[in-house]
Amino acid sequence: MYDVPKEIEVREEGPLRIITLNRPEALNAVNESLHTGLARLWPQLSEDRSARAAVLTGAGKAFSAGGDFSYLKELKADPDLRARTIAHGRDLVLGMARCRVPVVAAVNGPAVGLGCSLVALSDIAYMAETAYLADPHVQVGLVAADGGPLTWPLHTSLLLAKEYAITGARIPADRAVQMGLANHVVADPLAEALACAERVAKLPQQAVESTKRLLNLHLERAVLATLDYAMSQEEQSFQTDDFAAIIDRLTAGKG
């Protein structure tokens, strides 16, 4: 039913949709196929009229390790790919913010870069005790156009958002809950997220979906105020000497 690449698995369980980032051998790092698939996923989920709630998780040990370094190197070299990717980033953020279906994140391991953004754009987040969030765009010389700076100021204080966006430092699970970037730290995030999604799916549908939309209007307004600037600055940062030097170092010897 869902037109998604092999890097994304969508499983139907009654009114629930279990969405799994499926590159476990690469810690679910984001390549072009996964990024494009995520941009196209959320409108499909909204149009799935039998879906009442969704769970988002990662296969294997990680939720998502962020951008695949080889993909980032391709983006540095290919302006057309870069333009498509930035446009897809915009589609991903707005698609998730506008998605009709409540999304519960089961953060089973590190959620880095875009993985961290997916958690921030979810509606409820359960984190494993050993999981952490991080938005290290700045550390590789990039502006986080679809990252923490877009949404974190709505979840936590502006000072804390600045600290972690500017430094790229890791946010352990318990700290993420204290800051308002996640809801719960649990031993089994997938089981807890599924139980939460099942509870949501049993509630009156129009009330749930309209309440989510009401709340996400705040999110969408904030995102639209900053998104175009963020995208233009990310495009510029892909072309800087700093980014080129960092990504060449990170991909040295990888072909």
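Rule-based calculations on the coordinates, nothing more; no lab input. From a predicted model like this one, the values you see are computed outputs, not experimental measurements. All Cβ positions, even for glycine, are placed from backbone atoms using ideal geometry, and neighbour counts span all protein chains on display.
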GNM on the chain, C-alpha springs below 10 Å: top fluctuator among Leu118, Leu160, Leu190? Leu160
Per 5 Å bin, what is the whole-percent P(r) computed from every C-alpha pair distance within the stretch 109-255? 2, 9, 16, 19, 18, 15, 11, 6, 3, 1, 1
Using all alpha carbons of the chain, what is the percent of pairwise distances in each 5 Å bin, ordered from the shortest bin to the longest? 1, 7, 14, 19, 21, 18, 12, 6, 2, 1, 0
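Any chance you could run the full-extension gain for Glu13 through Lys61? It's 0.36 nm times the residue separation minus the Cα-Cα distance, nm to one decimal.
Working: separation 48, 0.36 × 48 = 17.28 nm, distance 2.30 nm.
Gain in length upon complete extension: 15.0 nm.
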In order over the stretch 98-114: 3J(HN,Hα) from phi, Karplus 6.51/-1.76/1.60, θ = phi - 60°, whole Hz, x for each Gly or Pro, gives 9, 4, 5, 8, x, 10, 10, 8, 10, 8, 7, x, x, 10, 10, x, 4
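What percent does the relative contact order of the stretch 104-255 come to when contacts are Cα pairs within less than 8 Å and at least six residues apart?
Relative CO of the stretch 104-255 lands at 28 percent.
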Using only the Cα atoms of the stretch 71-124, build the gyration tensor, take square roots of its eigenvalues as a ≥ b ≥ c, and label the shape rounded, prolate or oblate: rounded if a/c is under 1.5, else prolate if a/b is larger than b/c, else oblate. oblate
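Grab the Cα-Cα distance for Leu214 and Ile166, subtract it from 0.36 nm times how many residues apart they are, and report the gain in nm with one decimal. Write out the running numbers ahead of the final one.
Working: separation 48, 0.36 × 48 = 17.28 nm, distance 3.01 nm.
Going from the current span to full extension adds 14.3 nm.
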Expressed in nanometres to one decimal, the distance between label points 7 Å along Cα→Cβ at Asp228 and Arg175 is 3.6 nm
Under 27 Å between alpha carbons: how many lysine pairs meet that in the chain, if sequence neighbours fewer than 8 apart on the same chain are excluded? 12
How far is helix 158-167 tilted, in degrees, relative to the longest principal axis of the Cα atoms in the chain, given as a value from 0 to 90 rounded to the nearest 10? 50 degrees
Quotient of Cα Rg and 2.2 N^0.38 Å for the stretch 72-175, N being how many residues it contains: 1.09
Counting alpha carbon pairs within less than 8 Å and at least 6 residues apart, what relative contact order, in whole percent, applies to the chain? 20 percent
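Could you estimate the translational diffusion coefficient of the stretch 1-51 from the Stokes-Einstein equation, with Rh from the Kirkwood formula over C-alpha pairs, at 37 °C and 0.692 mPa s, in whole µm²/s? Write out the running numbers ahead of the final one.
On the way: Rh = 11.4 Å.
Roughly 289 µm²/s, to the nearest whole number.
Restricting things to alpha carbons, find the Rg to Rh ratio for the stretch 1-149 using the Kirkwood radius for Rh.
Numbers: Rg = 14.3 Å, Rh = 15.2 Å.
Radius of gyration over Kirkwood radius for the stretch 1-149 works out to 0.94.
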Tilt, helix 189-201 to longest principal axis of the chain (alpha-carbon atoms), in degrees rounded to tens, equals 50 degrees
Stretched out fully, how many nm does the piece from Ser33 to Leu158 gain, at 0.36 nm a residue minus the Cα gap? 41.7 nm
Filter the trypsin sites (Lys or Arg not before Pro) in the stretch 218-255 down to the DSSP loop ones having no more than 13 other Cβ atoms within 10 Å, then list what survives. Lys254
Would you mind checking the tilt of helix 205-237 against the longest principal axis of the Cα atoms of the chain, expressed as 0 to 90 degrees and rounded to 10? 0 degrees
Quick check on the chain: helices-only [θ] at 222 nm, where DSSP H runs of length 4 and up contribute -39,500 (n - 2.57) each and the sum goes over total residues. Nearest 500, please. -16500 deg cm²/dmol
